[in-house]
Amino acid sequence: MRHFFKILFLGSLLFFLTNLPVFAADTISYSTHVENIGWQNYVSNGQEAGTTGKALQVEALKCKVNNNNDSISYNTHVENIGWMTPVRNDQVSGTTGRHLQVECINMVLEGSIAERNDLYYQVHVQDIGWMGWSKNGDPAGTIGGNKQVEAIKIVLVPKGGKAPGSTDNSYIDFNETKASGALSVSGNKLVNQYGKQVQLRGVSTHGLAWYPQYVNQQLFNELGSQWKANTVRLAMYTAEYNGYCSGGNQAELKSLVKKGIDYATNAGLYVIVDWHILSDGNPNTYKDQAKSFFNEISSQYRNNTNIIYEICNEPNGGTTWQQIKSYAQEVIPVIKANDSDAVIIVGTPNWSQQVNLAQQDPITGYSNIMYALHFYAGTHKDDLRNTMISAYNAGLPIFVSEFGITDASGNGNLDTSSANQWIEALNSRGISYICWSLSNKNESSALINSSCNKISGFGTNDLSGQGQWLLNVLNSPGLIPGTNQPEQPSQPNNPSQPEQPSQPNQPSQGKGDVVYELKQTNSWTSGDTYYQFELTVKNNTQNAVSNWSKKINFSQNITVENSWNGNFTVNGKTLTISGVDFNKTINPGDFASVGFIVKSGSGLTYSIAN
Ligand code: IDC
């Protein structure tokens, strides 16, 4: 009898078990084709495919999910080719036998597996290491930096679950900081044509009259392609060394400046035209010459989107901010009359160090004005850095249009430890910086060894200590585009003014309006087509705006795949966006910026509803 029940019990247990619906866990497996190794064994669920620490490039990728009803689509961005056509379910993405590196990947789940899971993946990249995790179709890796992917991890996370690790710095588009569009100033930041913060990094010539040979097309090309600079500064002395206002050949100097602008433009670089006052400490000394020089250049190059004007290198010798400001207020309108959007850098007192004085009394009435801070790391340390950081935090847009890692004399020992502290302070804020100087003068701030007479094609041994240090800095990421979240705009520190009462939903009060600007910043195809957007809401009114909300109309149905800094509701082809805690109220003159990625068909168009 007992036996009978035992059998009955085991029998029903067996029946129960074999008739349970199958909830087999979703799994993902993948294999990489690695340089010198070939296809590796499949690994799964977050294990590492590829190699690290061996400098071997991944050349191709295969990827599959365990259930035949589900599917995964993926794509690789390959050296010399760019994005391939997306493939699915264990097909090969990338190349084999051609020695081409994979630089970036993206992938999405398809079918019901996508309802149960988010797909996360991250890559290990040359010079960078493991980058952050990307998700559901976002790119992971780099583009435009010539950097190989060496390893890949892919993992499924139950839908809506936490990312497996940091999602910061999952993707860098090195091209984004090339001279691809007009820059402007937003708050204390320099931004690109899409309103995204950019950081300019590059080199300054020495005095153009003295070292004209370094203004050549080949070298400027190499500054972009090999040095990874995105900017060159043309320093034209006014007083020293056959300066423009002290007996130099003006026609020749102008022609050199124009060649420099053209070469920079051809090379895809931004170019700073620097009126290099120095021993003539007060810019008003040669104000009239400055006005006619900048008038000529800005009228000839009014259609260039890559020029920045630096109107007085380093005022000194007791020149006050008031004197500089009065000079700037005469020179700026001359440039703006020709090129109203131009970005203009204004020097500050005491060899462009006292940005605090500019912050207390900035130049008003013009857009896109920045203020110069110059440092030489051997001489200038915490004090000057703190001055910079306070002025920046108080809202001043700062541009380090000249620095060196030597003494302020431009000579002496290199102070790399101080220099690295400066670079960290600049990169973390996305402040732009330009290194002095592109010359082989026998002084330690010259980037080229004095024994080297080449004018392009420099090898590492042709570069000075500072030159080698700089090359390293430029070849490492600076500000990672897109990851530096806009800081909360700082409140003007103005205790004497009573606070404006906040007016709910009151656009168009006073001088301006609430301006909504929508920009598409990216798109890619991976099965569906994905579009990335940024909406900027600028409050040009005199009152705070609360609870703003905006509708965007699309030409097709959309779904929001990812979003940040806002609330998003979709109704068919209409997306309604509003602010979240920290940006639903926008103070006068401030702005909010939100971002989102939508999935739709190809050829999606959009418009902001009235
Ligand atoms: C230096 C040059 C040096 C030249 C001198 C002229 O490196 O060869 O003899 O100018 O007076 C600055 C100036 C920049 C200086 C540089 C280094 O903008 O013109 O270049 N410096 O002294 N400000 C701080 C340092």
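For the chain, carbon and sulfur atoms together expose 46% of the accessible surface, with a 1.4 angstrom probe and every protein chain in place. Among the trypsin sites (Lys or Arg not before Pro) within segment 45-122, those in coil by DSSP and having at most 15 neighbouring Cβ atoms inside 10 Å are K54, R98.
With the cut-off at 1.5 for a/c, could you classify segment 61-189 from its C-alpha gyration tensor as rounded, prolate or oblate?
oblate
Against the chain, whose longest principal axis is taken from its Cα atoms, helix 465-474 shows a tilt of about 40°.
S255 sits among other residues whose Cβ lies under 15 Å from its own Cβ, and their net charge, with Lys and Arg +1 and Asp and Glu -1, is 0.
Segment 171-315: D in µm²/s via Stokes-Einstein (Kirkwood Rh, Cα pairs, 20 °C, 1.002 mPa s)? For these conditions, the coefficient is 137 µm²/s.
With the simple model of a label 7 Å out from the Cα in the direction of the Cβ, K454 to S523 spans 4.3 nm.
Where in the chain lies the longest segment free of chymotrypsin sites (Phe, Trp or Tyr not before Pro) that are both loop residues by DSSP (not H, G, I, E, B) and have at most 12 other Cβ atoms within 10 Å? The partial results should precede the final answer.
On the way: sites that count: F23, F582.
Here the longest segment lacking exposed loop sites spans 24-581.
Among residues other than A235 whose Cβ falls under 12 Å from its Cβ, what is the net charge (Lys/Arg +1, Asp/Glu -1)?
Local charge sum for A235: -4.
Residues of segment 540-571 falling in the label zone of K584, defined by backbone nitrogen less than 15 Å from a point 7 Å along Cα to beta-carbon, are 545-550, 565-569. Given R0 = 22 Å, the distance between the Cβ atoms of E222 and N442 translates into a calculated FRET efficiency of 0.45. Think of a 1.4 Å ball rolled over the protein heavy atoms: the chain then has 43 Å² of accessible area per residue. Note the angle between two axes, namely the Cα long axis of helix 2-18 and the longest principal axis of the Cα atoms of the chain, as a number of degrees from 0 to 90, rounded to the nearest 10. In the chain, helix 2-18 runs at an angle near 40 degrees to the longest axis.
With a cut-off of 10 Å between beta carbons, the residues surrounding Q421 carry a summed charge of -1, where Lys and Arg count +1 and Asp and Glu -1.
Legend: residues D138, D383, sorted from most to least accessible area (1.4 Å probe; ligands, DNA and RNA excluded), read D383, D138.
Please give the FRET efficiency for K159 paired with Q91, using the beta carbon to beta carbon distance and R0 = 22 Å, rounded to the nearest 0.05.
Computed FRET efficiency for K159 and Q91: 0.30.
Indicate the gyration tensor shape class of segment 276-354 (rounded, prolate or oblate), computed on the Cα atoms with a ≥ b ≥ c the square roots of the eigenvalues: a/c under 1.5 is rounded; otherwise a/b larger than b/c is prolate and the rest oblate.
prolate
The values are calculated or read from the model by the stated rules, or taken from the named source; none is laboratory data. If you're wondering where the values come from, they're calculated on a predicted model, not measured in any experiment. For neighbour counting, all protein chains shown are included, and Cβ atoms are generated from backbone atoms with ideal geometry for every residue, glycine included. These accessible areas exclude ligands, DNA and RNA; they are computed on the full protein's heavy atoms, side chains included. Shrake-Rupley method; radii C 1.70, N 1.55, O 1.52, S 1.80 Å.
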